[in-house]
Amino acid sequence: MIIHAVLNLCLPFRYRSVWIFDQDKEYVGFATLPNQVHRKSVKKGFDFTLMVAGESGLGKSTLVNSLFLTDLYKDRKLLNAEERITQTVEITKHTVDIEEKGVKLKLTIVDTPGFGDAVNNTECWRSVADYIDQQFEQYFRDESGLNRKNIQDNRVHCCLYFISPFGHGLRPLDVEFMKALHEKVNIVPVLAKADTLTPTEVKRKKTKIQEEIEQYGIKIYQFPDCDSDEDEEFKQQDQELKASIPFAVIGSNTVVEAKGRRVRGRLYPWGIVEVENSAHCDFVKLRNMLIRTHMQDLKDVTRETHYENYRAHCIQSMTRMVVKERNRNKLTRESGTDFPIPMVPGETDAETEKLIREKDEEVGASACTAKHRPPHSLQTEQTVRPSSDPPPDPPDPPCEPSLAASPLTPADRSKGLKSFYIAIQNNKDPYYSLGCTAHQ
Amino acid sequence: MGGRDLFGYVGIEAVLDQMRRKTMKAGFEFNIMVVGQSGLGKSTLVNTLFKSKVSRKSCTPSYEEKISRTVHLKSVSHIIEEKGVKMRLTVIDTPGFGDQINNENCWDPIVKYINEQYEKYLTEELHITRKRRIPDTRVHCCVYFLPATGHRLRPIDVEFMKRLGKIVSIVPVIAKADTLTMDERLDFKQRIRQDLQASGIRVYPQKEYDEDVEDRIRNDKIRENIPFAVVGTDKEHQVNGNKVLGRKTKWGIIEVENVAHCEFANLRDLLVRSHLQDLKDVTHYIHYETYRVRRLNESNASVSGLSALPLENGITEKYEAQSQL
């Protein structure tokens, strides 16, 4: 027991278990730590960035309004057909501050009007991918800067991709989009306008889409596995949740009267569709998943997996460029200290060089330990196989991430790129790696 | 109107009976083309329209709904009979339309097909010894399926209808319309009509071809309601003790033939019950003639020294010889 306690104290805060010993004698008191964290974060507030993507007319704006019970798209004007012919894919951002029971949430919705609307939609996802990379790059710069007190986190935490119910499963455009973005952002596929489908059709389409996702090797957002000591009901709910991907949703901006109650729904001559009725659609499941249960996990995955992948590639390509520069400059006997690094000038060159070298080593080490994973499957368990090959060498321009290091398995998430954190901890702020203060 | 009053019964009206008997013996031909992205319910709608399994989907035994790489046209013919009247119905399907990422020129194979049918008819017509009844494979009607987005026409819709409105009668329909409430449906239709007018697209029934006031009144009523919002199905359910065609969902049953629910009945009346012959006439007298004039002008221009006169039967032979050049 004592050994356990000692070991506990040696680990960083996150991995400690709250162990209550004999009530009076050995009670230390750090069991209140979660409450302290809770209080601090409530004061600070949370933020969340959600991206919605899909062809126009699939009910994206309506769903966003239904999810967050706001009216973000009040003054929207629809372009007519003539204007649409020359429209390109834009990225628009709406931010809204929501408060509920004292907890503040700064919600940002990133919309992609024009996606998939043109006659020729080749590479229309490029502006979306560039936007996500830009946010990563900006965060990278801020993080490496001197003043890190008030970093704005604009990284996209989740992307809801709307699949049209009118087709037979995934279209070529859907496949291309998801494959281009599955390594940059958490993709949650959603079956839009599900009130056009009968229950059998919904089931058939979901099975078809699940098969196609597996067939094309698309890595959508994985729900973390339940701990083995959770109760049966929770486990069963979790199973149901996983089996309902893609969520068949219906959104509504209007409130109608159904059986004497006022509900959010759609009124048809043949009946009333209730948005919040789980027999009618999966809206409630999606909302619970997105807001009530998995919001923090989505942010964690973005921070630990997608962002770290981006950062690793960025640094890799930067150091490669530096080495090339250095080799080139050796011949001309100039000092090779002109780094194309996005760091604030002011740090001494020697220190920067030392940092680069250390990070390079760590990247080499972590890339070797990054597990190679077979293509994502929805139902089977994830097995982790260590890869003994050195990471492949893409000659990229700086900060253009390629897909050399594969993302980590869900089981690995909690361990994460621990080596990174430890390395940084050695010459930086020790609380940096805890992720519970500056990183939200 | 004009004409002499008869002072006895002559029996001229019996000519109608004779016509009817002849046409019943000969039968009708009707060729309908369905165009739209995959999954919009084209095959189901055609089956529901003609109350029989006439579409490609029901014919090919190993039918798998895969998205094909290129646009190709598949036509399936059936002879259906009702009350002694036989109709040879051909359904031309266009799988692959609008399904790719890059859909530029996906309408070209369709335009080519339609022109080919006109060409076939033209060459048959220009023969010295013509068949009694020239087999008519010309497309009489093209039903274009718009997805029920609720917004406006998409660029691909505008491009397609602009090009095809000039050579064939287009009937646009809103597919899978059970996702739109009544208000949304009205707004959507209005926006579509605005877009059609702004782009100069003429859909059936075209205003210019109304022959008299009666026609105009009838067609105006139709023009106010296009595009029809349809829902198609081949399954039947019990509603109030009757068996109706419908889609059963958790919140109610959508009756396909109930005009309060969707406009399938209006579409069926337009295509089959009231305007079928009109569609054929418009195709024959207007679209086909336009094509014919254009073709003859082209071939006349390529052969020097000929004037572009409308042909009479007497000089068919001469033209036949010269067009071989």
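A few remarks follow.
- The charge dipole of region B:96-245, taken about its Cα centre with unit charges on the Cβ of Lys, Arg, Asp and Glu (plus for the first two, minus for the last two), comes to roughly 220 debye.
- Percent of Cα-Cα distances greater than 18 Å, calculated over region B:196-281: 53
- Surface accessible to a 1.4 Å probe, per residue, for the residues of chain B, Å²: 54
- Centroid-to-centroid separation of region A:267-335 and region A:192-241 [C-alpha atoms, Å]: 20
- Estimated FRET transfer efficiency when R0 is 51 angstrom, pair A:Ala243-B:Lys120 (beta carbons, to 0.05): 0.40
- Once the Cα gyration tensor of region B:108-258 is diagonalised, semi-axes √(5λ) in Å: 34, 21, 16
- At an R0 of 51 angstrom, the distance between the Cβ atoms of A:Gln296 and A:Lys330 translates into a FRET efficiency of 0.55.
- Along chain B, longest interval not containing exposed GluC sites (Glu not before Pro), exposed being DSSP loop plus at most 12 other Cβ atoms within 10 Å: B:65-210
- Estimated from helical segments only, the mean residue ellipticity of chain B at 222 nm is -10500 deg cm²/dmol, where each DSSP H run of four or more residues counts as -39500 (n - 2.57).
- Within the accessible area of region B:185-267 (1.4 Å probe), percent carbon and sulfur: 44
- Size estimate for chain B follows the Kirkwood approach: the inverse of mean 1/r over distinct Cα pairs works out to 22.1 Å.
- Normalised per residue, the volume of the convex hull around the Cα set of region A:144-248 (Å³): 169
- Taking the Kirkwood radius as Rh and the Cα radius of gyration as Rg, region B:120-177 has a ratio of Rg/Rh equal to 1.21.
- Interface size A-B, as summed buried accessible area [1.4 Å probe, Å², nearest 100]: 4000
- Burial annotation for region A:144-168: residues with an accessible-area loss of at least 10 Å² between the isolated chain and the complete set of protein chains, computed on heavy atoms with a 1.4 Å probe, are A:Phe166, A:His168.
- Centroid-to-centroid, using Cα positions, region B:223-252 and region B:2-30 are 39 Å apart.
- Evaluated at q = 0.20, 0.21, 0.23, 0.26 Å⁻¹, the base-10 log of the normalised Debye intensity for region A:113-201, with identical point scatterers placed on the Cα atoms, takes the values -1.00, -1.06, -1.18, -1.35.
- In this rough spin-label picture, where each label sits 7 Å from Cα along the Cβ direction, the A:Val103-A:Glu143 distance is 2.5 nm.
- When chain B is described by a simple charge dipole with +1 on each Lys and Arg Cβ and -1 on each Asp and Glu Cβ, the residue from B:Thr181, B:Thr129, B:Ile79 located farthest towards its positive end is B:Ile79.
- Axis angle, to the nearest 10 degrees, between helix B:213-223 and the longest C-alpha principal axis of chain B: 40 degrees.
- Threshold 40 Å², region B:245-263 residues less accessible with all protein chains present than alone (1.4 Å probe): B:Arg247, B:Lys250, B:Trp251, B:His261
- Beta bridges per DSSP with both ends in chain B, % antiparallel, nearest 5: 45
- When all protein chains stay in place and ligands, DNA and RNA are ignored, the 1.4 Å accessible-area order of A:Lys208, B:Lys42, largest first, is A:Lys208, B:Lys42.
The values are calculated or read from the model by the stated rules, or taken from the named source; none is laboratory data. It should be emphasised that the depicted structure is a prediction, and the values quoted were computed from it without experimental measurement. Heads up, the Cβs are rebuilt from the backbone with ideal geometry, glycines too, and the neighbour counts pull from every protein chain shown. Heads up: the accessible areas ignore ligands, DNA and RNA and are worked out on the full protein's heavy atoms, side chains in. Shrake-Rupley method; radii C 1.70, N 1.55, O 1.52, S 1.80 Å.
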